[in-house]
Structure formats: structure tokens, C-alpha cells
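Down below is the structure, laid out as C-alpha cells.
Please treat every number below as a calculation from the coordinates, not as lab data. Worth saying up front: this structure is predicted, and the values here are computed from it rather than measured. When we count neighbours, we look across all protein chains shown, and the Cβ atoms used for this are built from the backbone with ideal geometry, even at glycine.
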Amino acid sequence: MDVVGTRANAPAAPAPWAEFGRQLRRWRQRAGLTQAQVGTRVGYDHSAISKLEGGRREPSPRLARHLDEVLGAGGELLAVYTASRHEDADTAPRAAGGTRPGPLPGDTGDGGDAGAAVPVFPDVLGWPYRLPSHGLECPLHDDEGCTVPAPADALPAYLAFCAAGLPADTGSDTVHVLSGLLVACWRTGAERTSPETITAVEQALHAIVRRMEGLAGASRRAFRRLAAGYAQLAGELRMQRGQNGMAMAWLHKGLGWAAVSDGVGMCATILYDMSTVARLEYDAPSALAYARAIRAADPGLRWTSVAADLCEARAHALGGDALESRLHLARARTGLSRLGERDLTEAPWLCGAAGEVHLESGTGGALRDIAALTADRSAACLAAEATERSLSSLAERMRPARLLLTLRLADCHACAGDPEAALAVAGPVLAEASAVPSAVIGRELRGLRGRLATRWGGRPDVRDFIDPFGRSLP
């Protein structure tokens, strides 16, 4: 389901990641390696290692383990990471409540466009005219039914709000404009991949954080809720581009803002995304920990239990525990059938047809992963059936999701030992999937090609699919 300064003049990084950075530098120097050499060995650019050493970026658990192994730290660097992560979790709500404890993602030249001179106002075809919309209530007035200014009126208000160094209106109209923009960007991101969308989201988020520091009472709570929503979307968009480090950084910020604004539901959905990012990093233990945190966010909510079960099923499948994965899939299916009116209000994305799409997609993904690990053809066939059901319920306009699920369906057929079916399903979308700027779709395509090459690489039709330009395969 997959959110500006000069580096030489940057102030000393605050705790908790400063200590990890210092220890990383110490072990790197002890190993006699440059930042570029370390980056090459762990698959990152030297600038990313510089930011880690400066305490300006939180590493993923997988990267922390890899750095510990590459530098021969014998678990000591990983221990510092674990301690730093606990300290960061303890201080996140307090830090998110007002003054910024350190640079936001995009502040230090890490690939974001948040500091662009002219704020971007994206395509507003999906602009909402009333709140709640797309599951988002008004951050000021909850579900009262607020009117959102039309795009022609929203544009000047948005530009004025984003203008650095100028007084900004933080009243109801501005909150409604920012809410409308968030909904529009969410819809755009679901229907197509667009660099302009992530630029707009991160620009607005940086402006919200700047303005949030001087607010109090209901206004501060409203802007925290907006910041959490924008940070979650920035994380999802970065995840789609394969920038999992930035995705997790935004999601971590969003979780803190959601927690201090009493956004239990938003905390749960952010944790859902964090579990997904961990899974994309092949980090099954962290994916499982985030999934369990969803359930703990509010054990009394039915929909959080369903979301937790879906994430736990995927995490267990990634870790090779087919029995636990199937158990959680069955629990998710039962729980989904029992969702009620409150769940529909708080989590519309998990109710009705949308909920069926999530359930069948999660089922297909988990069973496909099990089949890939165990060569269980019956699991692969069940995965194909679930993925087909998900595709049949997914709107045609949700093109990125349809491409991903189509490739997954083809991979299910490959796991079931049927290359002809795999090629028949994936062939018609190959050109589009190869061109779309989505790392998640690209990852699915690479997995399919790798599986076909491993088992049927000698077949001419498979070779044409793997490399349509006829280059020799490795």
C-alpha cells in the first residue's frame, strides 16, 4: 500500500543518532576504508554514509547489520544502533511537539525537492470539495462536514502559506486548503507515479512544520495531524521510488506527530506502511514488530486487528513460517467480515471493496512468497487465485497497483511451474511496467524475470521476455 542547508555548515547532530554516527566513523577508520568504499560495499552512495556519520539519517535495521558485518564490528555497532533506536522512539513524541530536533528529510540535499524556490501545486482533478474525504477528517473540526475552498481560491492561499519568511494564515481556511491538497495528492499518487506529487507533498510538509512551532491549542493539534498525514504520504511516495531510507525517516516523523495529536488510527496506518518498508528491505523481524505494534495501538478496534494480521501474515511468509502466515491470513479474512460502521468511518481503505482488494492482495503476496521459498505449487495456485480476485476488484484507474498485481499474478504462475501462463499474463504489460518510474513495480518485475531465467532460461520465449533486445544473459 510500498511522503536545505550547506553540509559543511550544518550544526552538530542531536541525540540519538549522533552516537551511532560517531561509532560508525570510528569503525570505518579502524577498518581503513573511505566513505565511498563503505558505500560501495553496502550498496549506498558515499553521501549517504556521510549523513549517517553526521547523525543526520536513521539507518534501516538491515543496513545497520550490514555495516556491522562489513566493518567487522562484531555486533558492537549494531548494539549502538539498537540503543539509539530505543532512545529515538522514547523522545519522538516530545521532539515532534514543537521545535525540530534535527533536519527533516530533504533538508540536507538528500534527493528531495522540498526547498525548491516556487511551490508546486499539482494536478487537482481529484480535488475534494468537502471533508471528510478519502478517509481524512478535518483536522480542526473532525467529521462535522467542512467545505474545502475551490482550487482557484486554494492556490493563492497555498502559495502564501509556503512562502518562507512571511506571516501566514493558520486559520480554518488554510487548514481546509492543506487538507484538500493532501487528499488530492493521495488520489494522484494512487493513480499514477508523478515526481511533481512528491515535490508538492514535501514542500507543504516543510511549510507546515515551520508554521507549527509558533502555534498552541487546537491549531497546533490540527497542524500536527496535517504533518502526520503529509509525512505518511511522503513516506509512501518515497517507498514507491525505492528510497526506503527516506520513506522510513518520513514515516518515523509522522508516527511521532500522530502520537502527540491522539491520532490512534493514523498511528496504525503509519505502522502498516513501516511494516511494508521493512518487508521490502527483506527485514522480516522488523516487519513483524511493526505489525504487532499496529494491534497494540488500540486493541479495541477491529480494523487494526485486521491490518495487523495482514502485515503479520506477510512478515511470517517472508521469514519462511508458512503455518503462522496462513493462520494470520485466516484471522484477517474472518476479521474483515466483522467490520462495522465505526471501522468504515476510521478505515474506509479496509472496508467494502477496498478491503477485499487489500485482503486478496495480501493473501496473494504471502502465499506467493511461501511458494517461492518452499516450491509449494498448491500455495502458488492459491496465490494466483487470490491475486486474480484482487485484480478483478481493483479500479482500472489505479494503474500502478494493477501493474504490480499483474506481475505478481504472472510470478504466481511461474512459482506453480507454468511459464506459458506467466508469459501470457505479463507479456501485455511488459513495456509499460519496464517504463513506469516505480521501484516497487520494478522489484516485482525483476523477481519474475529472475524466476523465469532460473528455471526456463533456455526457452526462446522466456529469453525474449527477460531481455527483449537479445543481449546475452549473465
Checklist outcome for this item: The alpha-carbon center of the range 251-288 and that of the range 231-247 are separated, in whole Å, by 12
Item to check | For the range 348-364, 3J(HN,Hα) per residue [Karplus equation, 6.51 cos²θ - 1.76 cosθ + 1.60, θ = phi - 60°, Hz, x = Gly/Pro] | outcome: x, 5, 10, 10, x, 5, 4, x, 4, 4, 5, 5, 5, 5, x, 5, x
Checklist entry - By count of other Cβ within 10 Å, fewest leading, how are Trp303, Trp456 ordered? => result Trp456, Trp303
Item to check | Over the chain, equivalent-ellipsoid semi-axes from the Cα gyration tensor in Å | outcome: 35, 29, 22
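Mean 1/r over all different Cα pairs, inverted: what Kirkwood radius does the range 115-262 give, in Å?
Numbers: mean 1/r = 0.0662 Å⁻¹.
Kirkwood hydrodynamic radius for the range 115-262: 15.1 Å.
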Checklist entry - Mind ordering 173-186, 246-259 by average Cβ neighbours within 10 Å, highest first? => result 246-259, 173-186
Checklist outcome for this item: With x for Gly and Pro, the residue-by-residue ³J(HN,Hα) of the range 372-383, computed from phi through the Karplus equation 6.51 cos²θ - 1.76 cosθ + 1.60 at θ = phi - 60° and given in whole Hz, is 5, 7, 10, 6, 7, 5, 5, 5, 5, 5, 5, 5
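What net charge do the residues around Arg459 carry, taking every other residue with its C-beta under 14 Å from that of Arg459, with Lys and Arg at +1 and Asp and Glu at -1? Please list the in-between numbers first.
On the way: positive: Arg449, Arg451, Arg455, Arg463; negative: Asp418, Glu420, Asp461, Asp464, Asp467.
Local charge sum for Arg459: -1.
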Item to check | Phi to ³J(HN,Hα) by Karplus 6.51 cos²θ - 1.76 cosθ + 1.60 over the range 279-289, Hz, x for Gly, Pro | outcome: 5, 5, 8, 6, 9, 4, x, 5, 4, 5, 5
